[in-house]
Each structure stands twice: as C-alpha cells, then as structure tokens.
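Report on the structure given below.
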Amino acid sequence: MEKSNIIKLNPSDLERQKTCQSEVLRHNLEFEKTTGLEKKAFIRTFGCQQNEADSEKIAGMCREMGYRISDTPEGADLIVVNTCAIREHAEKKALSVIGQYKHEKEKNRDMIIAVCGCMVSQKHRVDQIKKSYPYIDLVFGTASIHKFPELLWNKMTRNKRLFELDSETYEMAEGIPIERNHPFKAWVSIMYGCNNFCSYCIVPYVRGRERSREPEDILSEVRDLIGKGYREITFLGQNVNSYGRTDHLSCDFADLLECAAKLEGDFRLRFMTSHPKDASDKLIDVMARNPKICNQFHLPMQSGSDAILKAMNRHYDMERYMHIVNYIREKIPDCAISSDIIVGFPGETEADFESTLQALKKIRFDMLYAFIYSPRVGTPAASMENQVSDEVKGERFRRLLAVQNEISLELNEAMVGTEPLVLCEGPSPENKAVLSGRTEGNKIVFFEGSPALAGKVFPVHIERADPYALYGKAVL
Ligand code: SAH
Ligand code: SF4
Ligand code: F3S
C-alpha cells in the first residue's frame, strides 16, 4: 500500500498562525483608530468549487485579522487573487486581472496584493510574477493557504516581496475560520489533492497528493452547518470515490455520505467529482436509499473512445462507464447525470470523436461541460506529438455542442408541466427581477416571486424550457 506523506498540521503551527492573525488585527485596529477608516480586503476567485472553498477560508482569516470583505477592488487595502491553471484561458484571465490591479496600487501605495492558488503553484508562473509583476507583494501555493496570516504579517513587517512555494509534505489544517459566500449553500472539502495524473491535467501538480480529512472533522462541520440553517451541502474532492484510500481510513466515501445523510435536519447533500474508475455500486445504493442525497451524478466521461481514454490515463473503458450509467438508471430512475468532455485530445481521430458523439446520443446527459483540450506545461499530453490543430478542435467543439444542445433541450422540454422541488437562491445575478433556484438534478430554474423566498424549498410549475434552463411559476 502507498504510504501517505500527509500529516495533520502541528497544533503549535496553528497557534503561530493565530498569533500572527492577532498581530495583524492589532495593527489594523490601530490604523482604524488613527485614521477613522476601516481596512478592506477584496478577494477575486477563478476556477472550480475547490478554489471557492479556499477563498472562503482566506476570507475567514481576513475577517479575523480585522478586514471587512469588500465586493470591489476600489479602495481595498488588501487584494487576494486566487488563481486557476486548468486551461490556458483561465491563466490568461487571471494574469490580465492581476495586470489591472497595478492601477489600484498606483492610487494606494500601501495596498498589498497577494496571488495564490493553482496558477502560482507552478514554478514558471512564480518566476514570471517575480520578473514581470513587481507590484505583487505576496505569492503562495495551494498547500500554504493556512500560512496566510504569517505570510501577511511578514510582508507587513519586513517590507519585502514574499514567495512561498509549497513543500513536498502536505499538511492538512483543521480549524481555519471560514467566511461562507452563501447563507444556505455550503461547500465542504472532504479531501484535497489528486493522485490520478490524467495525462492532460495540471491538478495533481498544483494541488499535490491526495489527502482525506477525518470523517469526524467532516461530520462535525456538517452538523454545524445544519444547525446554522444551511439547506444544501456539497462534498468536494477531485475524486471523492477514493476518499480515505491513501490515508487508510476504515470509512469509504459511500459510508461517509450515508453518515451525513442520516443526520437530523432539513437539508440536501451533493458531491463532486466522481471519477468513473472508482464509482462503486455501493455508492449508488447509498444514494438510492437516502432521500437527502440529491438524485444527481456528475460523472466526467472525457471521451467516448477507449483508445483516447487509455491515452488520457483514465483507467476505465466505455464498458465500465456504461455499467455505472446503467446501474444509476436502474436504481435511481429519475437521477440527473452530467459529464465533462474534452475535445481535441492529442491523437483524437475523426473516428474517436464520432465515438464520443455516439456515446452522447446513447447516454443523453442532462448537462454537459465541454472543453477544448489545452496543453498544460509539464503534463505528458502536452509533449505528445500528435496534437490536433486549433481549427479541427474548434470545429469538433461546435459539433459536440450542437448534438448536446438538442439533447438538453429535449430533456428540459420533457419537464414542462412538471413541478420539481427547487431550492430558491434569491434574485438571479444576471437579472435581479427574477428569482433563480436549482432542482435536485441541479438544473437552473427561473421564476417570479419575492426575494424573501431565498433559502426556501418549494415546487415550481415548469412552463417553458431552453437547453440551459427551465422557466416557471412558484407553487406556494
Ligand atoms: N477531478 C475532476 C476534474 C477536475 S477538472 C475529474 O477527474 O473528473 C474539470 C474538468 O476540466 C475535467 O473533467 C476535464 O474535462 C477538464 N480539463 C482538465 N484538464 C484540461 C485540459 N488540459 N484541457 C481541457 N480541459 C481540461
Ligand atoms: Fe485531473 Fe484526473 Fe485528478 Fe480529475 S482525476 S483532477 S482530471 S488528474
Ligand atoms: Fe480547480 Fe482550476 Fe485548481 S479547476 S483545482 S482551481 S486548476
């Protein structure tokens, strides 16, 4: 068995962070007393839910250090950019946003700008920031988030730029304060890192080896959230199905999920992401018998071609994938199934791509997240010789979306006239005049009503559908 090199953060290290937190707080309170101004922090997050969960921890630490969390960078004393590296586009966007903050700093020389997350867990990006972004004060990797108070205090007192690269030993910190972005929906990271090394993916390099939190730590966080009135809790991990494996825990993911689903209270549970190589029948049985677990399964397929799946190092073939889909549909007939697809992986032939289209037509996913393959520095696929041209990638991407849009539209239209239960999330960010919410299957629904309905669960009569959303009237 692989020996885990994960260690829980030493209590004295956590104490040191608390001490630094108090030092920054004292400093900020003094500033407030002399100037009458309160210190503000602005956090900009790119990437997946894991990064959002990390940013909630950064916000929690900021709050403890006396910062008010601001929703604009203007006038902020501290800006933290939490970056993503999954595709080139994500990195380009982060770098361009970081570039814009230069002007903010020109207005306030005392402003501190920190960059953290997956992009700066790569050496070449840290070197680039050192050289070309001199106004960035502090850079730290994904495994150093819990050290933020110490790094910030060092920056404040030593007045020199700080670059904290992650070490090979991954410590896991419990007890970091969390400032949640949402009043009734919460992320709970159950594990960190990834051991799978899919040949296209940067995550194992920037998030380190897989490590799982103790079940008791997770369940006590869930109990606390339920007690505070949270209605939806999503368990997060890059491959939740291997929960506990490298740490040799006796509780697997299905056990953990069932324990959480048996807790008292009015809430629903989701999880992501489920890797097909480890998705067990046991997990599906647990979902089928526990009504608090949403009937929703995100099961990234990546490609419908066995040859490409092999080159991707995914460790399953389409036969195995179809077994999981069929078992879900047999045990949970109304379960929504969604997936991720990469088009244009090196060596993908027209026939491979056709197999993906055929698989989409056969399975009929409720939702699909499609991505154009983006070479990532240091991953095996980036140096494969048979790269697909941008032109072919673009053309396949459009064809894939056309096939899926038709399927999504048909599946969504089949819901017209039904009344699914929806957790109302309040006014839609894009159009404040309407409310939005999500069904158990995670489909977005728009409807009219009072903002006071936010956080409530009720049926919505579906009147209309497009490939991306449902529209209806609340049944109250
Ligand atoms: N751990 C999850 C995926 C996290 S990344 C899993 O294994 O399912 C989310 C999605 O981004 C992946 O499922 C994949 O479809 C896509 N992705 C990852 N690396 C990519 C790359 N280099 N280019 C394009 N898409 C990529
Ligand atoms: Fe990336 Fe694969 Fe790990 Fe998912 S399982 S994060 S795709 S390496
Ligand atoms: Fe997530 Fe992007 Fe990192 S997808 S794990 S934030 S590379």
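The values are calculated or read from the model by the stated rules, or taken from the named source; none is laboratory data. It should be emphasised that the depicted structure is a prediction, and the values quoted were computed from it without experimental measurement. All Cβ positions, glycine included, derive from the backbone under ideal geometry; neighbour counts span all protein chains shown. SASA here: full protein model, heavy atoms, side chains in, ligands and nucleic acids out. Shrake-Rupley method; radii C 1.70, N 1.55, O 1.52, S 1.80 Å.
Quick notes on this one:
- On the stretch given as the range 4-62, residues that are charged (D, E, K, R) and in contact with a strand residue (DSSP E or B) (Cβ under 8 Å, 6 or more places away or on another chain) total 9.
- So Met312, is it open to solvent by 30 Å² or more (accessible area, probe 1.4 Å) and either away from ligand 3 (no atom under 16 Å from the Cβ) or touching a helix residue (DSSP H, G or I) at 6+ places or on another chain (Cβ under 8 Å) (or both): no
- Selection count, the range 108-118, where residues are open to solvent by 10 Å² or more (accessible area, probe 1.4 Å) and within 16 Å of ligand 2 (Cβ to nearest atom): 1
- Count of the range 29-43 residues which are in contact with a Lys or Arg (Cβ under 6 Å, 6 or more places away or on another chain) and either under 14 Å from Asn108 (Cα atoms) or in contact (Cβ under 8 Å) with a residue 40 or more places away in the chain (or both): 1
- Within the option set Arg125, Arg180, being touching a residue at least 24 places away in the same chain (Cβ under 8 Å), open to solvent by 20 Å² or more (accessible area, probe 1.4 Å), not assigned by TED's automatic domain parsing to the domain that holds Glu88 and not aliphatic (A, V, I, L, M) holds for one residue only, Arg180.
- Residue match in the range 285-300 (condition: over 20 Å from Arg213 (Cβ atoms), of a type in the set (A, V, I, L, M, F, W, C) and part of a helix (DSSP H, G or I)): yes
Okay, residues lined up against (1) within 16 Å of ligand 1 (Cβ to nearest atom); (2) without any contact (Cβ under 8 Å) to a residue 12 or more places away in the chain:
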| site | (1), (2) |
| --- | --- |
| Cys201 | yes, no |
| Val206 | yes, no |
| Ser220 | no, yes |
| Lys228 | no, yes |
| Gly244 | no, no |
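- Sole exception among (1) within 16 Å of Tyr468 (Cβ to Cβ); (2) away from ligand 1 (no atom under 14 Å from the Cβ) for Met367, by number: (2)
- Lone unmet requirement of (1) at pLDDT 95 or above; (2) closer than 24 Å to Met172 by Cβ for Cys251: (1)
- Residues of the range 383-403 include at least one that is among the polar types (S, T, N, Q), out of contact with any Ser or Thr (no Cβ under 8 Å at 6 or more places or on another chain), assigned to a loop (DSSP other than H, G, I, E, B) and away from ligand 1 (no atom under 13 Å from the Cβ).
- Extreme residue, farthest from Ile226 (Cα to Cα), among residues of the range 291-302 that are surrounded by 15 or more Cβ atoms within 10 Å (Cβ to Cβ) and more than 16 Å from ligand 3 (Cβ to nearest atom): Met301
- Checking each residue in the range 340-356 for being away from ligand 3 (no atom under 16 Å from the Cβ) and either in contact with a Ser or Thr (Cβ under 9 Å, 6 or more places away or on another chain) or open to solvent by less than 10 Å² (accessible area, probe 1.4 Å) (or both) picks out Val343, Gly344, Phe345, Pro346, Glu348, Thr349, Ala351, Asp352, Phe353, Glu354, Ser355, Thr356.
- Of all residues in the range 106-115, those being touching a residue at least 24 places away in the same chain (Cβ under 8 Å) and over 14 Å from Glu91 (Cβ atoms) number 6.
- Test for Asn159: is it open to solvent by 20 Å² or more (accessible area, probe 1.4 Å), at positive phi, outside the structural domain of Asp247 (by TED's automatic domain parsing) and not basic (Lys, Arg): yes
- Residue match in the range 235-251 (condition: in contact with a Lys or Arg (Cβ under 6 Å, 6 or more places away or on another chain) and buried (at least 17 other Cβ atoms within 10 Å of the Cβ)): no
- For Thr157: the one exception among (1) more than 24 Å from Leu257 (Cα to Cα); (2) of a type outside the set (Phe, Trp, Tyr); (3) within 16 Å of ligand 2 (Cβ to nearest atom): (3)
- Boolean, Ile86 is under 30 Å from Phe271 (Cα atoms) and surrounded by 14 or more Cβ atoms within 10 Å (Cβ to Cβ): yes
- Condition check for Ala307 on (1) among the small types (Gly, Ala, Ser); (2) within 16 Å of ligand 2 (Cβ to nearest atom); (3) open to solvent by 10 Å² or more (accessible area, probe 1.4 Å): one failure, at (2).
- Being open to solvent by less than 70 Å² (accessible area, probe 1.4 Å) and touching a strand residue (DSSP E or B) at 6+ places or on another chain (Cβ under 8 Å) is a description that applies to Leu368.
- If you go through the range 400-429 and keep only what is open to solvent by less than 70 Å² (accessible area, probe 1.4 Å) and under 18 Å from Ser355 (Cα atoms), you end up with Leu400, Leu401, Ala402, Val403, Gln404, Asn405, Ile407.
- For Gly141, the conditions (1) surrounded by fewer than 20 Cβ atoms within 10 Å (Cβ to Cβ); (2) in the same structural domain as Ser70 (by TED's automatic domain parsing) are fulfilled apart from (1).
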